[in-house]
Amino acid sequence: MAAGQLEQGPALRVSGGELRARYHAVRARTEALAARLSPEDQQVQSMADASPAKWHRAHTTWFFETFLLLPHRAGYRVFHERYSHLFNSYYEAVGARIARASRGMLTRPSADEITAYRAHVDAAMSALLEQCTPAIAALVELGLNHEQQHQELILTDIKHAFFSNPLLPAS
């Protein structure tokens with residue numbers, strides 16, 4: 001398997017409109033989770049096994065950029081050339097990455113820059129989904145399931161961070 005490729009399962013039979021709607025709903029859910037968090041809340045990493053909410057938002061975006069847009073969208077331009085290093089988690093075939101325990105040290109890019117990154121990728125994904133093949137649909141579904149896992153991690157990680165804070169913030 002070449003770098004930037006994932007092993008694909010069976011092709012999905014889903015309409016482009018259904019997949020587009022699902023894509024935007026899942027991505028919007030992540031943003032809704034982050035919307036209640038301050039930039040400082042999105043930056044915190046309360047233990048080595050957790051990741052900042054900002055990192056989760058960027059990592060799931062990196063997934064779509066790396067495994068869907070780069071190989072399947074002719075002329076796609078990455079948002080930032082260094083993001084592949086910052087937001088790769090464990091896909092060693094794709095390239096280098098930073099250690100999980102160091103993700104909280106990434107004060108840059110800012111939460112606002114991650115929002116812009118997500119908008120850039122979402123616009124390109126909308127165009128890709130207009131011409132979606134069954135094989136691409138299967139990769140999109142994998143990416144959406146991956147993002148939903150990270151939504152759970154956002155909640156788990158921020159709950160631990162809030163519990164670890166002496167002020168015990170509720171949200």
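The values are calculated or read from the model by the stated rules, or taken from the named source; none is laboratory data. Values in this document were obtained by computation on a predicted structure and should not be read as measured data. So basically every Cβ, Gly included, is an ideal-geometry build from the backbone, and we count neighbours across all protein chains shown. Note: areas computed on protein heavy atoms with side chains; ligands, DNA, RNA excluded. Shrake-Rupley method; radii C 1.70, N 1.55, O 1.52, S 1.80 Å.
For the stretch 141-171, which positions are more than 19 Å from the chain's Cα centre (by Cα) and either in a helix (DSSP H, G or I) or hydroxyl-bearing (S, T, Y) (or both)?
Across the stretch 141-171, the qualifying residues are K159, H160, A161, F162, F163, S164, S171.
Test L129 against the stated conditions and say whether it is within 30 Å of E18 (Cα to Cα) and within 17 Å of the chain's Cα centre (by Cα).
No; evaluated as a whole, the condition is false for this residue.
Give the residues of the stretch 157-171 that are closer than 15 Å to R36 by Cα and either at pLDDT 95 or above or in contact with a Ser or Thr (Cβ under 7 Å, 6 or more places away or on another chain) (or both), sorted by residue number.
Quick first cut of the stretch 157-171, residues closer than 15 Å to R36 by Cα only: 157-159, 161-162, 169-171.
Matches in the stretch 157-171: D157, I158, K159, A161, F162.
Given the options A119, A138, name the one that is open to solvent by less than 50 Å² (accessible area, probe 1.4 Å) and in a helix (DSSP H, G or I). Working first, answer last.
On the way: A119 fails: open to solvent by less than 50 Å² (accessible area, probe 1.4 Å).
Testing whether each residue is open to solvent by less than 50 Å² (accessible area, probe 1.4 Å) and in a helix (DSSP H, G or I) leaves just A138.
Return the residues of the stretch 146-165 that are surrounded by fewer than 21 Cβ atoms within 10 Å (Cβ to Cβ) and among the charged types (D, E, K, R); say none if nothing qualifies.
Selection gives E152, K159.
Looking only at the stretch 22-50, which residues are part of a loop (DSSP other than H, G, I, E, B) and open to solvent by 70 Å² or more (accessible area, probe 1.4 Å)?
R36, M47, D49
Looking only at the stretch 54-113, which residues are part of a loop (DSSP other than H, G, I, E, B), open to solvent by 40 Å² or more (accessible area, probe 1.4 Å) and within 20 Å of C132 (Cβ to Cβ)?
R73, A74, G75 - these are the residues of the stretch 54-113 that are part of a loop (DSSP other than H, G, I, E, B), open to solvent by 40 Å² or more (accessible area, probe 1.4 Å) and within 20 Å of C132 (Cβ to Cβ).
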